[in-house]
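Notes follow once the structure below has been shown.
The values are calculated or read from the model by the stated rules, or taken from the named source; none is laboratory data. Treat the numbers as computed from the prediction; the structure is a model and nothing was measured. Don't worry about glycine lacking a Cβ; one is built from the backbone with ideal geometry, like all the others, and counts go over all protein chains shown. Accessible surface is based on the protein model in full, side chains and every heavy atom, while ligands, DNA and RNA are left aside. Shrake-Rupley method; radii C 1.70, N 1.55, O 1.52, S 1.80 Å.
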Amino acid sequence: MATAAGAVASRDGVEAAGKDYGTSGGLACTGPFELGTWRKGQSIELDRFDGYWGRRARSGKAVFRFLPDASARTNALLSGEADGSYLIPTESYTRLRGSGVGELYFGEGLSTVNVAITNMRGPLADLRVRRALSLTLDRSGFVQVGLGGAGTPTGALTTRAAWADAPERTRKRAFEGMRPAAPDIARAEALVKEAGATGKTLTVATSSIGQDVSLLATAVQAAGTRIGLDIRLKSIAPNAFTALFTDPGARKGIDMFPLTYYDSITDPLDVLTNFRTGSYLNFAGHSDKTYDELVDRAGAVDDPKRRLAIEAEAHRRAARSLLWIPVAEWPTALFLNKRITGAPTTISYMYQPWAAEVGAAE
């Protein structure tokens, strides 16, 4: 209920709008703002709703502008045309840090950067090849270049923050053996040879949607080349890249692609369900009956400590399968102009009415 699934709207309002609900007029919701002007593809204006049941919003209006181009977004922040932003492009960190216009914050997040395996009919069907790529990736180098130094190399599928409610013993069990080490080229090359995959071709999707995507794809190519694989890059237009998450047809001819994933709740099960048989984010179509049973058991347990203990075993089993190759934890980035304050610096912004707390700094 804390996520978008718990949004509350007026039944009468929704039924009255019919198929036009959400496209024009009011939204018949219960938040601190109501829909003002919506300029499709350009901006959405929200007006303060003084009948809100909670604390009155600090600002009379909040305007959200759509700026898909990373440079345009950064320039808007630097010029003061925009007061703040989440989802800051990593290539903009340096410019924003030293701008003097505002402050770039990094807060706790639930996001991980991974390499998703999408094709288990070729060389990647052999776990040794997937392990070899994982052993060869320069995670620390990627964090410094691809994430602008804001991140932590990881060999785990979840962030540590997702285990905040787990006892220390459970957390240790969940992350046992997952500390990323320096690349081991000799071991990785040997695994590729054992699998008979030397010289085999693999295709990685890349895109100019962000340097975190393009540089990770390049890092995978460099890693594979060092251990005898023929890694080729396939460029995907930014507006088509997100289709890789939902459309099997868009993934045709692609063996891997960079994937950033965030949990919606602080429960590891939120990401672990993705590796269950039939899950739409189980891109490779992998099936493990024992793993499915662990996930089902965890979902049926109310007691948090008991549930998290089961999830720790599921986490370890999923990590060994390498259906996603974990690369890094990525914190939440927020830029605020000196004129304003009040926005949360953590990923909690995804589901809380944070804009109601934003107001003038003085």
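Among L77, M120, G148, whose Cα sits farthest toward the positive end of the charge dipole of the chain (+1 at Cβ of Lys/Arg, -1 at Cβ of Asp/Glu, about the Cα centre)?
Farthest along the dipole direction, towards plus: M120.
Any idea of Y262's accessible area? Nearest 10 Å², probe 1.4 Å.
90 Å²
Would you look at the GNM of the chain, springs on alpha carbons closer than 10 Å, and say which of A328, A125, A72 moves the most?
Its mean-square fluctuation being the largest, the pick is A72.
Could you tell me how many degrees, from 0 to 90 and to the nearest 10, lie between the Cα long axis of helix 211-226 and the main elongation axis, the longest principal axis, of the Cα atoms of the chain?
0 degrees
If I compute mean projected area of the Cα convex hull in nm² from the structure I just sent, which labelled value in [x] 20.0; [y] 18.1; [z] 24.9 lines up?
[x]
So, in nm, how far is label S99 from label R11 when the simple model puts each one 7 Å beyond its Cα toward the Cβ?
Label-label distance for S99 and R11, simple model: 4.7 nm.
Tell me what the chain gives for mean residue ellipticity at 222 nm when only DSSP H runs of n ≥ 4 count, each as -39,500 (n - 2.57), the sum divided by the residue total, rounded to 500 deg cm²/dmol.
-8500 deg cm²/dmol
Could you sort R128, R307 by accessible area so the largest value comes first, with the probe set to 1.4 Å?
From most accessible down to least: R128, R307.
Give the long-range amide H neighbours of D288: residues separated by 5 or more places, or on another chain, with amide H under 5 Å away, using H modelled in the peptide plane at 1.01 Å from N.
Here the answer is T277, since their amide H atoms fall under 5 Å of that of D288.
What FRET efficiency comes out for the pair D247/T277, r = Cβ-Cβ distance, R0 = 22 Å, nearest 0.05?
Computed FRET efficiency for D247 and T277 comes out at 0.65.
Efficiency by 1/(1 + (r/R0)^6): what FRET value for A125 and R339, r their Cβ-Cβ distance, R0 = 51 Å, to the nearest 0.05?
E(calc), rounded to 0.05, equals 0.40.
Greater than 20 Å separation of Cα atoms is the criterion. Which listed pairs, K200/K289; K40/K252; K200/K252; K40/K234; K172/K305; K19/K40, meet it?
In this structure, K200/K289; K40/K252; K40/K234 exceed 20 Å between Cα atoms.
How much net charge surrounds L133 when only other residues with a Cβ under 15 Å from its Cβ are counted (Lys, Arg +1; Asp, Glu -1)?
Result for the local shell: +3.
Compute a Gaussian network model of the chain, connecting alpha carbons closer than 10 Å, and tell me which residue from G224, G13, G141 fluctuates the most.
Per the Cα network of the chain with a 10 Å cutoff, G13 tops the list.
Compute the signed sum of charges (Lys and Arg +1, Asp and Glu -1) over the other residues within less than 11 Å, Cβ to Cβ, of P89.
-1
For the pair A2/K305, report the inter-label distance in nm, with labels modelled 7 Å from Cα in the Cβ direction.
So the label points at A2 and K305 sit 2.0 nm apart.
Please give the charge dipole size of the stretch 1-75, origin at the Cα centre, charges +1 on K and R Cβ atoms and -1 on D and E Cβ atoms. Round to the nearest 20 debye.
300 debye
Counting pairs of alpha carbon atoms under 8 Å apart in space and at least six apart in sequence, what relative contact order in percent does the chain give?
25 percent
Once neighbouring chains are kept in place and the probe is 1.4 Å, which whole percent of the accessible area of the chain is contributed by carbon and sulfur?
51 percent
For the stretch 1-76, what is the relative contact order in percent, using Cα pairs closer than 8 Å and at least 6 residues apart in sequence?
Rounded, it is 20 percent for the stretch 1-76.
Which whole-number value in Å² is the accessible area per residue of the stretch 119-204, probe 1.4 Å?
Dividing the accessible area of the stretch 119-204 by its residue count gives 49 Å².
Skipping prolines and chain starts, which residues have an amide H placed within reach, meaning under 5 Å, of the one on L202, given they are 5 or more residues away or on another chain?
D230, I231, R232
What distance in nm separates the simple spin-label points at R173 and T201, each placed 7 Å from Cα in the Cβ direction?
The answer from the label model is 4.7 nm.
When all C-alpha to C-alpha distances in the stretch 139-234 are sorted into bins of 5 Å, what percent of pairs does each bin hold, rounded to whole numbers?
2, 12, 16, 17, 18, 16, 11, 6, 2, 0
Whenever you get a sec, line up W330, W324 from highest to lowest accessible area (probe 1.4 Å, protein heavy atoms).
My answer, sorted largest first, is W330, W324.
Any idea of the accessible area per residue across the stretch 1-112, 1.4 Å probe, to the nearest Å²?
Counting only protein heavy atoms, the per-residue value for the stretch 1-112 is 62 Å².
If we count every other residue with Cβ under 13 angstrom of A28's Cβ, Lys/Arg +1 and Asp/Glu -1, where does the sum land?
Taking every Cβ under 13 Å from that of A28, the sum is -3.
When each pair of different Cα atoms in the stretch 285-345 is counted once in the 1/r mean, what is the Kirkwood radius in angstroms, to one decimal?
14.8 Å
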